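Below is one structure, written out as structure tokens; the observations come after it.
Read-outs throughout are calculated quantities, based only on the coordinates presented, and are distinct from any laboratory measurement. Computed from a prediction, not measured in an experiment: that's the story for all the values here. When we count neighbours, we look across all protein chains shown, and the Cβ atoms used for this are built from the backbone with ideal geometry, even at glycine.
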Amino acid sequence: MDFTYTEEQLMVQKAARDYAQRELIQDVLERDNKAIYPTKHIKNIADLGFLGMLIPMEYDGVGMDNISYVMALEEISKIDSSVAVIMAVHNSLACYGIDKYASDDQKKKYLPQLASGETIGAFLLSEPEAGSDASFQKTTALLKDDHYVLNGVKNWITSANSAGVYLVIAQTYPDLGHKGINAFIVDPKSEGITLGPHEDKMGMRSSDTHSVMFNDVKVPKENRIGDDGFGFKFAMKLLEGGRIGIAAQALGIACGAYDLALKYSKERKTFGKEIINHQAIAFKLADMATGIETARLLVHKAAWLKDNNEPYGTISAMAKLYATDVAMKVTTEAVQIFGGNGYVKEYHVERLMREAKLTQIYEGTSEIQKVIISRAISKD
Ligand code: CAA
């Protein structure tokens, strides 16, 4: 086993770390407080190539591997998970979905603008009644002449207001269940699309999340991705990779909280010594460090499997399940180590704890990851 990283991977990691620790940190508290979208930062990470990381060079992307991608996401998430989730949905779901499954014409049309970050991508699967039960799609896409007509409501859509490309999952043949579902590339400016209000979230408040309503929205027939009825499998395949991104995000959140707690424990004194010299605190930090290292092994294994064209769906579910639990435990312990200061916004750890919670919920709850893992092992 070779655990060394290439020079290129380390350069990407450094670029992401430098940007996060120099720039994102400046206004992260204000953006979180006021739920301000990170427009400037999205442009800057696009200039760094982080929005075209997984897109091949022939479509103007950077053509990097998934190990580089998770290393970059980890660094961004140490400081700001709002920017990280925009980056993750854009890369792992929108860019990967089009690159891997769309037609040549669709790739030529959409990938260059997604790679440059000129256009942000969003993924519209969840609905009021189809969250965990993703195949219970109520949004319909009925074929009429040379176009589909979309009607329905999508929920919890990351980048709903800022995206220039929507990947929409909808039901074309209700009688066929999941086999009747299709996936479409949709222009968010299409007539008949309206947004619900900005969701006032507990964490990741700087990313924009809305519901999206479709009322007789015409989508050209050529915007369907893949064969008729491929939409549910398309969504499942995308989420396998998406979960590696969210696991990397959770890992970054855990690391961010651990780094702050370690530093604080070396400075803060009680009973005449730095608190790291109290076993109660030292053991907490030991558990936090062990959880982080273990989570990183799973995240990097999942990314490595994807890079090597090996099946990665079960490991990505394990990585998400484990890393998000680690994030929740580590951030909670970090708040505890900071004591009263941990409950105050300026010390950042309470924000990281709020961010950690969301990673256990979106792109498949922890319970859904257990469904996926238990189904896979029962086939072994
Ligand atoms: N790859 C390919 N095909 C797959 C697959 C995969 N990973 N998983 C399932 N399928 C196929 C099955 O083989 C089956 O096909 P056949 O009938 O041809 O054999 C079909 O899909 C149906 O499979 P299941 O019976 O297993 O489907 P299910 O209804 O039991 O659901 C589930 C499976 C894994 C629970 C799925 O519903 C699921 O992933 N739910 C969670 C959804 C989710 O993660 N939502 C997140 C929203 S996106 C988001 O959060 C983005 C954001 O903005 C941050």
Helix 25-34 sits off the longest principal axis of the Cα atoms of the chain, rounded to the nearest 10 on a 0 to 90 degree scale, by 60 degrees
Going from the fewest other Cβ atoms within 10 Å to the most, one would list Ser207, Ser374 as Ser374, Ser207
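Got a sec? How would Arg243, Arg351, Arg296, Arg17 order by Cβ neighbour count within 10 Å, fewest to most? Let's see the in-between values first.
Working: Arg243 31, Arg351 25, Arg296 21, Arg17 17.
Least crowded to most crowded, the residues run Arg17, Arg296, Arg351, Arg243.
Among bridges DSSP assigns within the chain, what percent are antiparallel (round to 5)? Display every interim value, and only then the final one.
On the way: 28 of 33 bridges.
Rounded to the nearest five, the antiparallel share is 85 percent.
Can you tell me how the stretch 32-134 classifies by the Cα gyration tensor, rounded, prolate or oblate, using a/c under 1.5 as the rounded cut? The partial results should precede the final answer.
Values: a/c = 1.66, a/b = 1.11, b/c = 1.49.
It is oblate, given that a/c is not under 1.5 and a/b is not larger than b/c.
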Between the stretch 275-347 and the stretch 189-268, the alpha-carbon center distance in angstrom = 21 Å
Could you give the angle, 0 to 90 degrees to the nearest 10, between helix 366-379's Cα long axis and the longest principal axis of the Cα atoms of the chain?
-> 70 degrees
For each of Leu51, Leu285, Leu111, count neighbouring Cβ atoms within 10 Å of the residue's Cβ, then give the residues from fewest to most.
-> Leu285, Leu111, Leu51
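For Cα pairs less than 8 Å apart in space and 6+ apart in sequence, what is the mean separation divided by the residue count of the stretch 244-380, i.e. the relative contact order in percent?
The normalised contact order for the stretch 244-380 reaches 33 percent.
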Principal axes first, then extents: for the Cα atoms of the stretch 226-288, list largest minus smallest coordinate on each axis, whole Å, largest first.
-> 70, 16, 10
Residue by residue through the stretch 274-279, the couplings from Karplus 6.51 cos²θ - 1.76 cosθ + 1.60 with θ = phi - 60°, in Hz, x for Gly and Pro, are 4, 5, 5, 8, 8, 4
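Percent relative contact order of the stretch 104-221, based on C-alpha pairs within less than 8 angstrom and at least six residues apart? Present the calculation step by step, with values, prior to reporting the outcome.
Working: 247 pairs, mean separation 33.2, N = 118.
It comes to 28 percent, rounded to a whole number.
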Distance in nm between label sites at Leu10 and Glu222, each 7 Å beyond Cα in the beta-carbon direction?
-> 4.8 nm
Extension gain Ile36-Lys263, at 0.36 nm per residue separation less the Cα-Cα distance, in nm?
-> 78.8 nm
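Check each of the GluC sites (Glu not before Pro) in the stretch 168-253 and keep only those in coil by DSSP with at most 14 other C-beta atoms within 10 angstrom; list them in order.
Details: sites: Glu191, Glu199, Glu222, Glu240; in loops: Glu191, Glu199.
Answer in residue order: Glu191.
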With x for Gly and Pro, the residue-by-residue ³J(HN,Hα) of the stretch 152-162, computed from phi through the Karplus equation 6.51 cos²θ - 1.76 cosθ + 1.60 at θ = phi - 60° and given in whole Hz, is x, 10, 10, 10, 6, 8, 5, 6, 4, 8, 9
If amide H atoms are modeled at 1.01 Å from N in the peptide plane, then the residues at a separation of 5 or more from Glu127, or on another chain, having amide H under 5 Å from its own are Asn155
Which cross-chain or sequence-distant (5 or more) residues have an amide H under 5 Å from the amide H of His147, H modelled 1.01 Å from N in plane?
-> Lys221
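Relative contact order (percent) for the chain, with alpha-carbon contacts under 8 angstrom and 6 or more residues of separation? Let's see the in-between values first.
Details: 749 pairs, mean separation 61.3, N = 380.
Over the chain, the number comes to 16 percent.
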Whole-Hz couplings from phi, Karplus 6.51/-1.76/1.60, listed for the stretch 73-86; x for Gly and Pro | 4, 4, 5, 5, 6, 4, 9, 8, 6, 5, 5, 4, 6, 4
